[in-house]
1. Is it true that C:L223 is assigned by TED's automatic domain parsing to the domain that holds C:I31, open to solvent by less than 50 Å² (accessible area, probe 1.4 Å), touching a helix residue (DSSP H, G or I) at 6+ places or on another chain (Cβ under 6 Å) and closer than 30 Å to C:A114 by Cα?
2. Might you check whether a residue that is touching a residue at least 12 places away in the same chain (Cβ under 8 Å) and assigned to a helix (DSSP H, G or I) occurs anywhere in region C:202-212?
3. It is to be established whether one or more residues within region D:183-200 are more than 14 Å from chain C (Cβ to nearest Cβ) and away from ligand 2 (no atom under 16 Å from the Cβ).
4. From C:A127, C:A143, which residue is in a helix (DSSP H, G or I), more than 16 Å from ligand 3 (Cβ to nearest atom) and surrounded by fewer than 18 Cβ atoms within 10 Å (Cβ to Cβ)?
5. Please go through region D:136-156 and give me each residue that is in contact with a strand residue (DSSP E or B) (Cβ under 7 Å, 6 or more places away or on another chain) and either closer than 13 Å to D:L95 by Cβ or assigned to a helix (DSSP H, G or I) (or both), ordered by number.
6. Looking only at region D:114-152, filter to residues that are facing another protein chain (nearest Cβ under 10 Å) and surrounded by 21 or more Cβ atoms within 10 Å (Cβ to Cβ); which one of those is nearest to A:V246 (Cα to Cα)?
7. Step by step: first the residues of region B:80-104, then only those that are more than 10 Å from chain A (Cβ to nearest Cβ) and open to solvent by 10 Å² or more (accessible area, probe 1.4 Å), then the one that is farthest from ligand 1 (Cβ to nearest atom). Which residue is that?
Amino acid sequence: MVVVLASAYAWLFLHAESQVVVLVLLAVAALAAVVGGRTGADRVLATAMSQHSRAMNGAIVAGLLAVIALFATDHFPLLMLTTVLLYMTAALGLNIQFGYAGMVNFAGAAFFGIGAYTAAVMTTQTGLPPLLILILGGVMAALIGFVLVIPVVRTRGHYAAVVTIAFSVLFKTFLEVNDILGGPQGLMVDSMKILGWDFNASPVLFGVEMSFYLNYALLGAALAVLAFVFTRRLERSWVGLTLDAVRLDDTASACFGIGITRAKVLAFTLGNVMVGMAGALYGMMISFIAPTSFTFSDSLLLVAIVLLGGMGSPWGTALAAFIVIVLPEKLQIIQEYRFLLFSVLVIAMLLFRPDGLLPRTVRAYIPGWRAKP
Amino acid sequence: KDTVKIAFIGPLTGGVSAQGLGGRNSAVLAVALRNQDEDAAYTYDLVSLDDECKPNVGVQVATKTAADRHVIGAITHYCSAVAMGAVDIYHKFGLPVIVWGAVLPDITYGNDYAEVHRVNGTMINQNEVAAQFMLDHGYKTWAVIHDTTDYGKGHNKYFSEFLTKGGGEILGTFGVTADQRDFTAELTKIKDLDPDVIYFGGLTPLGVRIRQQMDKLGIDAQFQGTSGIVSESFVEGVGDLAEGTVAFREGAPAEKLPGGQFFLSEYETAGYDEPAEAYGPFAFAATNLLMDAIEAVGPDRKAVTEYLADIENHESITGPISFDDHGQNTVAVITKYVVQDGTWTVWEDSAYASGDRALARP
Amino acid sequence: MTGITIENLSTGYDKADVLLDLSLTVKPGTITCLLGSNGAGKTTVIRSILGLTPPRRGTIRLGDTDITGMATHKVIAQGLACIPEGRRMFPKLTVEENLRLGAYQVSDEALIRARMETVFETFPRLAERRDQLAGTMSGGEQAMVSIGRGLMSGPKILLIDEPSLGLSPLYVKENFKIIDGIRDQGVTVFLVEQNVRQTLGIADYGYVLSGGRLIAEGTAEALKASPEVHAAYFG
Amino acid sequence: MTRPTTDAVLEIDALSKTFGGVTALDAFTMSVRRGDIVGLLGPNGSGKTTSFNAVTGIFPPSGGTVRFDGADITGLSPQKVYAAGIARTFQRSRLCLPLSIFDNIMIGNHGRLTKGLWFNLMRRRAFRREFEQGYEDARALVRTFSTALADRLFEPVGALPMIERRRIEICRALISRPRLLLLDEPSAGMTHDETTQLMDDILDVRGRIEGLSIIIIEHEMGVIERITDQCVVLNYGRKICEGPYAHIAADPEVQRAYLGAE
Amino acid sequence: MGLLGQYLANGIILGTMYALVAVGFTLFFGVLDVIKFSHGDVLMLGAFTGFTAFLGLEFVGVTDPWVQVLVVTLVAVAGTAFIGAVIARYLVLPLKAAPPLNILLITLMLGTAIREAVRLFYPNGSNPKPFPALLPDASTDLGNFTLRADSVILVAVGLAVIVGLHLLINRTRLGLAIRAVAQDEETARIMGINYTMIVLVTFAIGSGAAAFAGIMNGLYYNEINFGMGLLLGLIGFSAAIVGGLGNLYGAILGGFLFAALQTIGAVALPFASAYKDVFAFGVVIAVMAWKPTGLIAERTSDRV
Ligand SMILES: Nc1ncnc2c1ncn2[C@@H]1O[C@H](COP(=O)(O)OP(=O)(O)OP(=O)(O)O)[C@@H](O)[C@H]1O
Ligand SMILES: Nc1ncnc2c1ncn2[C@@H]1O[C@H](COP(=O)(O)OP(=O)(O)OP(=O)(O)O)[C@@H](O)[C@H]1O
Ligand SMILES: CC(C)C[C@H](N)C(=O)O
Ligand SMILES: [Mg+2]
Ligand SMILES: [Mg+2]
């Protein structure tokens, strides 16, 4: 039921054009959130989600596919939806680093960019199959991430923050001043192709020409679902427990045999792979990339998604990705005032839900599992 | 009357939003004026969108515009990188667009898209004139400062090319980031190099700071800028030091054309919060051109595209517009400006041209 | 000399009720102790007096002043001081700075110095380590800092929550001597302790809390003899 | 000298540790026999906690050696010390408060869990078996200390009172079935009753883990007297006395420096 | 020689500027333990407040430059301090119970809001504004070396303010209270500290310091704009961390280090000067790898 409502809502919101409709929809969401919080409905929902997790997950994927299908011929909503899905994937990657292992990464956009640039270079310079390039985007992000591994693992808190911040600035400036990768003008990225199926050609289904973004939306959805399942399983495993322990008390963890360095490197790498893969697909979809798309502010946007959703909470991340990406776009109607309003809205959300939109709950290793009495 | 939807896209938020807002206002003004016109066949509805000067956002709004079948044409982009990313989309969806501010040559010349046009000139034209002009005035040596955006780097590239070809010497080139505040290190080195001219490829905020800091360090070289600093805020920002700064801009000076005068006074009357800025007239001209096309052939993307392909000597407030087979306006007049008594004055009308005042170190 | 009067106090955290309709008095110039097993709500009583856990119902008075719901720093300004549960050092401040903060509302520098000397005399270890960061002190040393800090303001009323936790037997004795001594200087003491035998050795009056309610009260002598207390604490 | 020469599990020899100007441990020597419970006593700041930290690798000692089961473990990382079979609790409770009781205990079981990414993510059936095994172990252990707690394993630790947290910390240290357990003031803040109860529970567990030795730091002399086989008394980082409780309690120096003579 | 002297002089004033921003960050780390991402934008707000005060003075006819400098600085610092306190009261205190990182998000959004508000609502706010040169511009020329009176004044005053802040934090009762509140809010209250007041005062001081840096910046560069706080904030933040958060001297060290790196990067490196930020931030990463808690490491206070 909830899932159906949520899907319908997402569809309406993506469709809404006039300001009145957008405002009404926003108000409905706000109301739902407040009522949910007051009546404890959100808790009930959370428990229901974790108990019937299999059915719920199925329903949600179905809902997502339904929304995609409804938009099959509409380019723009699909583009937005795919953007949300890819940012969600990236934010889930950061969530592993940040929400679980406690390593703040303020260079999310840089790793996203590494993925995108890898895609640009590989698609245009090599004949590698794009699906492989997608994975390579993630691998590259992780490899370049290794440059930072020593300072990131040795430092903590604010000291760690400055490392990634510096990298974020460095990355963008480097791309700009160095002309090998197109300099400030950027690079073209070739489209995604799987077995001769060009993603940038509009598929024709049942005699109707679909939007070519449909391809990306489906692949994006697959990636996001994969990332989601991955994050979830990671959280619900000993590895997830290890990461939590490292975040909460590294000294005590060390006394119980937990390799702090190993855990941090693992989280940093896994996160970067996810961010990089999302970036690679994003590059292929947008088909043109330039350094200004991967600035420090964009990194902050990714961090904002993780925080707004509630640290460590994958569902929160998904919801926040939707809000952070779609809201400014929907505010286009107020043109130059949109970022002002956007920032005010985010502040308001936090004042009402200080722990994030859907705070993380206690870990359930096996969903629906109950101890035998 | 039927209503026809057209779109404007430019940077409405962020660092270069001043230019974007000026362009937006100018486009709004053009539409408003046309809608008052009894003789117009259609009523126009202008949708304005913010590309944040970011390619990814640009692609997003370009898709939004192009995918909307009701939009017949668009006036798009101030930032080159954004335009570069978006032209593919316009082509794919067959939406005729007229670029109103981005100056990178590749936007029109890097492809064969019939849908893409540009009313303003490219940075090539501008720098050719600039180099020649300065050489003619007897300058020999330069130091170049440019920002590391496509705009600054492009200007550096073309200016340096034309200058060395013409026999000028570049003593040093300095790339700076677009949000840098302190240039004393670069300028100190430049002071040591002692060039005749400091060429600056970049936008107003940086230009203001560099000019101010030149003074702080006691550098008396001539200051030469690009179209990026031809704005009132440059003069306002630098104050008295602005006197004698030269810069170049594509297009005829609005204030010298009858239509231009009209534009400026109408803009004044409309009472916008932000000035029209350097590229406002181009946005205005582009909007009018698009509406002229729709008036002529009706609200149909294909027809408009075909119509625009044949534009020859079309009257506009920036001078006559003629598109070559890449959709580039070929009659790209370049106007030379010098700051005199706190305003950008067309060189030929200035006390400098008449010999009453002299540039630094002629 | 001022005492504390608590009437019909009920409070708790979030949805959990901790104290239920509690009334007790701390007579001026006495040591009154509050006994009770873990989680009985002893610390919560102290937090309520300090205004850290505001009462849901009931009143708290210091002498004639109603301090129910008063901001903590104003309660302290009434001449109250507290040695909180768990020592609560400022870990990145030195021992000396920690002590100074105990006298935050005192502005007479000479007085502060004099009191600090007294603390150093009682706990020579602190004098040795006055510039060490409090966070690096050993557990028991931190307890000394906490006790010393509580004495720095020269309070009229002192609330003490498990001060001897982690102290060596020698210092536990020392600690009770100090408490005994300050009562003799006219300070009213409200003491929470697990060390029942020694507590009842110096206390004048006592209450026993269980599950948020008082289950026994009386003079120290009476409590020592009371079967409930005996059963629960002396085993 | 690789074979154990005595039946000593832990041999600390001339262990020293200085912090800047402070000498926290000064050539401290002691040994623990297999299966013994040793009380580590001493005035506040005499170096008891420091000796635990030096043994478990929190920081490298400034001098001296530590041997465990005949192997030199001086200066090894905490992870290696744990792997060798030493587990501990902390003087100030160090649990991960947002995590559940079960999670916290499983952190202590790290050495016995399958840590491979592939296993954890893809082999969910096998993982489930491991999880259920872990659950049974944790539950059985917690039940020794508190039956009520055993039914609340999936509640966050942050909501529990101090005394329960201390119990969980001990469970966390015991779940890996270490050969040496280091307890740093486990009963601090407990009433007499609760302390007695806790000590009984600890003795109970020791009976079930074969060859478990324990070093306990404790200021409650009743406890020490009742459960220890041997005692070591520190003062200013140096050992001042050693022997069964009755012996050290009678020692004049111990009385003066630590117990406070009547 | 002259040239070197000039670089040195440039570096010193730039370093002072950075240090002043960094000091603000250090102050907030102490109290909030989070990165206050709005710091740069508050700085910008301070500069605009000062600029407005200047316009007001011109309007009422006060033209003596010394009076102007004084009034402009006072108005900017006081006004921004007040705004800082208001922000603390309504946005930070209500969130005190939330995970500290959420304050980071709030300040991030707040920074955007401030920036956008100035851009949109300040008259012609999207364009740079000419900040008046109010300090005497007398200068001495020694060959290639130009030393200007205003630069000297700015460095002197800037360093004085930093030292003043240092003394305030480390030598006064207020400073002790600020540090105590930072470490343990509840115990600070038990000591009789008015917690709310201290948080507000800290925010006021921090914002005032930012405003002061903004004014200094305006006086030196004679140009302010709505985006000026972005990079300045970023560099100030990095400087504070690289120097070490333990004390304010770390901020000074970090500020000067950054200025030095940028100057060297711009003029003394074999590759193009455009790489100077790549160079500077690259060195920052290297420094963090080498000294994970900053150049002046904090005395550690945690133990097991
Ligand atoms: N911050 C809190 N949030 C929720 N519940 C709390 C909180 N603090 C205490 N409690 C609960 O309130 C009850 C009483 O706690 P309190 O600390 O007052 O007990 P106490 O008698 O001081 O115990 P102890 O001897 O352990 O110090 C306990 O059940 C405890 O779990
Ligand atoms: N990091 C440190 N820096 C400076 N001094 C330290 C540090 N850690 C411990 N010390 C000092 O070393 C001495 C020994 O401390 P330790 O914690 O071992 O004492 P302890 O015997 O456990 O005492 P307690 O019974 O009070 O817990 C103390 O005086 C303490 O102040
Ligand atoms: C520098 C840019 C922001 C704008 C410039 N008109 C361009 O074409 O790129
Ligand atoms: Mg208590
Ligand atoms: Mg200890």
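The values are calculated or read from the model by the stated rules, or taken from the named source; none is laboratory data. All values reported here derive from a predicted model rather than from experimental measurement. Cβ coordinates were reconstructed from backbone atoms using ideal geometry, including for glycine residues, and neighbour counts include every protein chain displayed. Surface areas here come from the heavy atoms of the whole protein model, side chains and all, with no ligands, DNA or RNA. Shrake-Rupley method; radii C 1.70, N 1.55, O 1.52, S 1.80 Å.
1. Numbers: assigned by TED's automatic domain parsing to the domain that holds C:I31: yes; open to solvent by less than 50 Å² (accessible area, probe 1.4 Å): yes; touching a helix residue (DSSP H, G or I) at 6+ places or on another chain (Cβ under 6 Å): yes; closer than 30 Å to C:A114 by Cα: no.
It is false that C:L223 is assigned by TED's automatic domain parsing to the domain that holds C:I31, open to solvent by less than 50 Å² (accessible area, probe 1.4 Å), touching a helix residue (DSSP H, G or I) at 6+ places or on another chain (Cβ under 6 Å) and closer than 30 Å to C:A114 by Cα.
2. Our first condition is that a residue be touching a residue at least 12 places away in the same chain (Cβ under 8 Å); within region C:202-212, this holds for C:202-212.
Going one step further and asking which of them are assigned to a helix (DSSP H, G or I), we end up with C:202.
Among the residues of region C:202-212, at least one is touching a residue at least 12 places away in the same chain (Cβ under 8 Å) and assigned to a helix (DSSP H, G or I), which makes the answer yes.
3. Narrowing region D:183-200 to residues more than 14 Å from chain C (Cβ to nearest Cβ): none.
Checked region D:183-200: no residue is more than 14 Å from chain C (Cβ to nearest Cβ) and away from ligand 2 (no atom under 16 Å from the Cβ).
4. Details: C:A143 fails: surrounded by fewer than 18 Cβ atoms within 10 Å (Cβ to Cβ).
Being in a helix (DSSP H, G or I), more than 16 Å from ligand 3 (Cβ to nearest atom) and surrounded by fewer than 18 Cβ atoms within 10 Å (Cβ to Cβ) holds for just one of C:A127, C:A143, which is C:A127.
5. Of everything in region D:136-156, those that are in contact with a strand residue (DSSP E or B) (Cβ under 7 Å, 6 or more places away or on another chain) and either closer than 13 Å to D:L95 by Cβ or assigned to a helix (DSSP H, G or I) (or both) turn out to be D:E155, D:P156.
6. D:N120
7. Selected residue: B:G94.
Rundown of residues vs (1) closer than 29 Å to D:I209 by Cα; (2) in contact with a helix residue (DSSP H, G or I) (Cβ under 8 Å, 6 or more places away or on another chain); (3) in a loop (DSSP other than H, G, I, E, B); (4) more than 16 Å from ligand 4 (Cβ to nearest atom), yes/no style:
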{"site": "D:D13", "(1), (2), (3), (4)": "yes, no, no, yes"}
{"site": "D:L25", "(1), (2), (3), (4)": "no, yes, no, yes"}
{"site": "D:T29", "(1), (2), (3), (4)": "yes, no, no, yes"}
{"site": "D:G45", "(1), (2), (3), (4)": "no, yes, yes, yes"}
{"site": "D:V55", "(1), (2), (3), (4)": "yes, yes, no, yes"}
{"site": "D:V81", "(1), (2), (3), (4)": "yes, yes, no, yes"}
